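For reference, the structure is listed below as structure tokens.
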Amino acid sequence: MERARQTAAVRSGIETDAAHGAVVPPVYLSTNYSFAGLRQPREFDYSRSGNPTRSTLAAALAELDGAAGAVVTSSGMGAITATLAALVAPGDVVVAPHDAYGGTWRLLDALARKGAFVLELLDLTAPDAAARIAALDPALVWVETPSNPLLGITDVAALAAATHAADGVLVVDNTFCSPLVQRPLALGADVAVQSSTKYLNGHSDVIGGVITAADADLAEQLGWWANCLGLTGSAFDSYLTLRGVRTLPVRMRQHLENAAAVVAALQGHPGVERLHYPGLPDHPGHAIAARQMEGFGAIVSLEVVGGEPGVAAFLSALENFSLAESLGGVESLVCHPGTMTHAAMPPEVQEAAGLRPGLVRLSVGIEHPDDLIADLLAGLGRAGAAAS
């Protein structure tokens with residue numbers, strides 16, 4: 001019987017130790033495993049290829065995503081790299097969002113310039129996105145929803161149908177949601193990737209990634225490439241991530257509540273030129289987000305008055321937000337995408353993607369919301385004073 005995701009997250013790996021009956025599974029740090037005899041390998045032989053702790057995490061994440069299999073990688077970018085290596089070849093068309101995460105854009109752009117595939121960047125939130133995909137006949141369509149950092153919403157089911165009609169594969173980067181908020185495979189995606197550094201681990205002390213696939217053969221193919229490229233995750237990082245997954249349901253609940261409170265406080269504030277959050281009724285993707293997500297996420301992006309000088313004034317007042325890259329940890333973070341997460345994009349590419357100088361991205365943590373709101377209001381006050 002399929003169990004609730006909350007139960008699956010909490011019970012992940014519990015009581016799987018057959019040797020001693022440990023409730024929490026042990027971490028297997030051994031690099032290698034002995035053969036029973038000549039030509040008689042055991043289930044595991046070398047930890048890059050297979051590790052008991054990593055396998056336990058992979059099984060837990062596959063269950064959460066409703067997947068046929070999962071591959072645990074050493075980083076989110078490792079997950080993206082292994083996916084591209086497995087699924088596309090020179091001459092294939094890859095469609096990706098024009099406003100993708102800066103690291104994703106950098107990899108796609110670099111590989112396309114080396115002839116690994118033909119890259120087409122589109123606004124995948126546009127009403128004609130499915131029609132444009134059909135015309136391009138892509139081998140792979142890469143989706144971020146919500147997008148990073150402008151929180152654009154892509155209709156996964158519609159794009160999956162268009163991609164499959166072209167015999168292509170649809171991949172969704174689900175990092176901003178985790179399987180507790182969105183399950184891309186249930187919406188028709190073939191593959192989902194996440195940076196497990198973010199919500200899955202949730203404590204900003206592990207770098208990791210995961211790929212989940214709807215088809216078992218596809219999952220095996222992705223695992224082969226991750227092993228071949230040396231991108232599989234370490235045992236201890238897997239152990240820490242598995243520990244983080246057990247608190248994912250309660251953490252996500254508080255993240256979502258805090259984000260909603262922050263948005264309510266920021267709406268209509270004179271220091272905010274634009275507020276980006278799919279939970280707002282006037283957000284262009286609100287109806288789609290309400291249909292395909294369970295909650296609207298805990299990332300909030302806003303454009304501060306006064307451009308980059310306004311951002312500097314805004315940041316100077318913050319005491320409970322750390323200026324840092326990444327997201328999804330229990331602590332609240334603030335990021336200036338143009339000079340941080342998306343700095344790899346040239347100015348003209350940033351402009352085309354809609355990244356303006358005053359844009360900041362908030363990863364709303366699980367602190368008391370009153371403290372977070374007081375911080376933000378103080379920052380906006382300074383930005384407004386600097387702009388006047």
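Say we look at the stretch 1-39 and pick out the residues that are of a type in the set (A, V, I, L, M) and under 18 Å from L61 (Cα atoms); which of these is surrounded by the fewest Cβ atoms within 10 Å (Cβ to Cβ)?
Step by step, filter the stretch 1-39, then rank; the result is M1.
Hey, does the stretch 276-296 have a residue that's over 29 Å from R54 (Cβ atoms), outside the structural domain of R183 (by TED's automatic domain parsing), in contact (Cβ under 8 Å) with a residue 40 or more places away in the chain and among the charged types (D, E, K, R)?
So far as the stretch 276-296 goes, no, none of its residues is over 29 Å from R54 (Cβ atoms), outside the structural domain of R183 (by TED's automatic domain parsing), in contact (Cβ under 8 Å) with a residue 40 or more places away in the chain and among the charged types (D, E, K, R).
Filter the stretch 1-38 for residues that are outside any loop (DSSP other than H, G, I, E, B), touching a Leu at 6+ places or on another chain (Cβ under 9 Å) and not charged (D, E, K, R); which is farthest from F236 (Cα to Cα)?
My answer is Q6.
Looking only at residues that are surrounded by fewer than 19 Cβ atoms within 10 Å (Cβ to Cβ) and touching a residue at least 60 places away in the same chain (Cβ under 8 Å) in the stretch 257-271, which one is farthest from L327 (Cα to Cα)?
P270
Restricting to the stretch 265-295, name every residue that is of a type in the set (A, V, I, L, M, F, W, C), out of contact with any helix residue (DSSP H, G or I) (no Cβ under 9 Å at 6 or more places or on another chain) and in a helix (DSSP H, G or I).
A287, A289, A290
Hey, can you tell me all the residues within the stretch 200-221 that are assigned to a strand (DSSP E or B) and not β-branched (V, I, T)?
G209, A213 - these are the residues of the stretch 200-221 that are assigned to a strand (DSSP E or B) and not β-branched (V, I, T).
Mind checking whether some residue in the stretch 222-242 is touching a Gly at 6+ places or on another chain (Cβ under 9 Å), part of a helix (DSSP H, G or I) and free of Cβ contacts under 8 Å to residues at least 60 places away in the same chain?
Yes, some residue in the stretch 222-242 is touching a Gly at 6+ places or on another chain (Cβ under 9 Å), part of a helix (DSSP H, G or I) and free of Cβ contacts under 8 Å to residues at least 60 places away in the same chain.
Which condition number in (1) modelled with pLDDT of 95 or more; (2) surrounded by fewer than 22 Cβ atoms within 10 Å (Cβ to Cβ); (3) in a loop (DSSP other than H, G, I, E, B) is the one that A343 fails?
Failed condition: (1).
Could you please find all residues in the stretch 344-384 being acidic (D, E) and touching a residue at least 60 places away in the same chain (Cβ under 8 Å)?
E367
I'm checking my understanding of the structure. Among residues of the stretch 186-197 that are of a type outside the set (S, T, Y) and surrounded by 24 or more Cβ atoms within 10 Å (Cβ to Cβ), which one is nearest to L256 (Cα to Cα)?
Among those residues, the one meeting the criterion is Q194.
Determine whether the stretch 42-62 contains at least one residue that is aliphatic (A, V, I, L, M), closer than 30 Å to L136 by Cα, part of a helix (DSSP H, G or I) and at pLDDT 95 or above.
No, the stretch 42-62 has no match at all.
When T197 is evaluated against the numbered criteria (1) among the β-branched types (V, I, T); (2) closer than 30 Å to A374 by Cα; (3) in a helix (DSSP H, G or I), which criterion, by number, is the only one it fails?
(3)
Look through the stretch 40-76, keep the residues that are among the β-branched types (V, I, T) and over 17 Å from A18 (Cβ atoms), and return whichever of them is surrounded by the most Cβ atoms within 10 Å (Cβ to Cβ).
Among residues in the stretch 40-76 that are among the β-branched types (V, I, T) and over 17 Å from A18 (Cβ atoms), the one surrounded by the most Cβ atoms within 10 Å (Cβ to Cβ) is V71.
The values are calculated or read from the model by the stated rules, or taken from the named source; none is laboratory data. This structure is a prediction, so every number in the text was calculated from the model and none was measured. Counting neighbours? That spans all protein chains shown, and the Cβs are built from the backbone with ideal geometry, glycine included.
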